[in-house]
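The values are calculated or read from the model by the stated rules, or taken from the named source; none is laboratory data. None of these values were measured; they are calculated from a predicted model. No Cβ is skipped: glycine too gets one built from the backbone with ideal geometry, and neighbour counts run over all protein chains shown. Note: areas computed on protein heavy atoms with side chains; ligands, DNA, RNA excluded. Shrake-Rupley method; radii C 1.70, N 1.55, O 1.52, S 1.80 Å.
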Amino acid sequence: MIENMKKHYKSVFENEQELLRALIDIYLSGKKIQLDPMYFKGNFYKDGIEKPDYCYDIQTSLCGDMNSPKVADARNLEWFNDEKFNSIILDPPFLFGIHGKTKDYYSSQTHTIFNNFAELEELYRDILKEAYRLLRKSGVLIFKCQDYTDSKTTMTHTLVYNWATELGFYAKDIAILLRPNKIYNPNTVQRHLRKIHTYFWVFVKSRRKYDRKHEAIA
Ligand SMILES: C[S@@+](CC[C@H](N)C(=O)[O-])C[C@H]1O[C@@H](n2cnc3c(N)ncnc32)[C@H](O)[C@@H]1O
């Protein structure tokens, strides 16, 4: 009896593929994610995590051969009919505020950093809206995000929750990925906790809208 019992997944992971495998097992009945419109180099897809049939990225430099994504803007995938997909994953850039040294490492031209928070909000809201349009009822959106501390802290994952539930997504679950070895500068004075975790929201398309207490309001 005990031998037949399936191991239960915990909500915190140290390996991204193990995390994705758990979400795919529980929420997608083991079927692969169907659409990834912010593919970058496709780092999600290894160790048994199957590549989606539809992969896109806005950076033309990433696109080219048969195995790479095609060029598209995740805010507008207009050639797909409404409610085409059962599952989508979104992994947008999370850094914002180009100044000082940040400029040396990132460029707004590569679509990996926003100039300011307003740009992040606009993109996040737009990609959530497009994902909502593209998902069937009860379809699943996995949304990777992380909080960001620069001169001040932005709890991005709570904002993503608000923006998604306002649209009609139900926040069904959240998984946390730990990256204990993240690089940092030991010579700086520590003014806040060094964030070593990212979030994977599991949103389900619902026809109802939710308020912040998780109660259906429409
Ligand atoms: C954090 S990376 C994704 C990393 C990817 N999940 C991986 O593991 O390799 C974010 C990607 O979103 C892309 N991106 C930014 N804005 C976009 C948009 N409007 N439409 C499509 N892709 C976009 C960037 O070019 C970048 O490659």
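When the residues of the range 65-93 are filtered to those that are within 14 Å of the ligand (Cβ to nearest atom) and open to solvent by 60 Å² or more (accessible area, probe 1.4 Å), which remaining residue is modelled with the lowest pLDDT?
Asn67
Just to be sure I understand, how many residues within the range 133-164 are within 15 Å of the chain's Cα centre (by Cα) and within 16 Å of the ligand (Cβ to nearest atom)?
Of the residues in the range 133-164, 12 are within 15 Å of the chain's Cα centre (by Cα) and within 16 Å of the ligand (Cβ to nearest atom).
Looking at the range 27-57, which of its residues are more than 16 Å from Glu16 (Cβ to Cβ), in a loop (DSSP other than H, G, I, E, B) and either within 13 Å of the ligand (Cβ to nearest atom) or in contact with an Asp or Glu (Cβ under 8 Å, 6 or more places away or on another chain) (or both)?
Residues satisfying the conditions are Gln34, Pro37.
Cβ-Cβ distance below 6 Å, separation of 6 or more or different chains: which pairs start in the range 38-52 with a residue that is under 18 Å from Glu130 (Cβ atoms) and end on one that is open to solvent by 30 Å² or more (accessible area, probe 1.4 Å) and near the ligand (Cβ under 6 Å from one of its atoms)?
Met38/Asp91
How do the pairs read when you match residues in the range 138-154 that are over 25 Å from Asp36 (Cα atoms) with residues anywhere that are within 15 Å of the ligand (Cβ to nearest atom) and part of a strand (DSSP E or B), using Cβ under 6 Å and keeping only pairs 6 or more apart or on different chains?
What qualifies is Thr154/Tyr148.
Go through (1) open to solvent by less than 100 Å² (accessible area, probe 1.4 Å); (2) part of a loop (DSSP other than H, G, I, E, B) one by one and return the number of the condition Glu18 breaks.
(2)
Filter the range 96-123 down to the residues that are modelled with pLDDT under 85 and under 17 Å from the mean Cα position of the chain (by Cα), then identify the one that is surrounded by the fewest Cβ atoms within 10 Å (Cβ to Cβ).
Thr112
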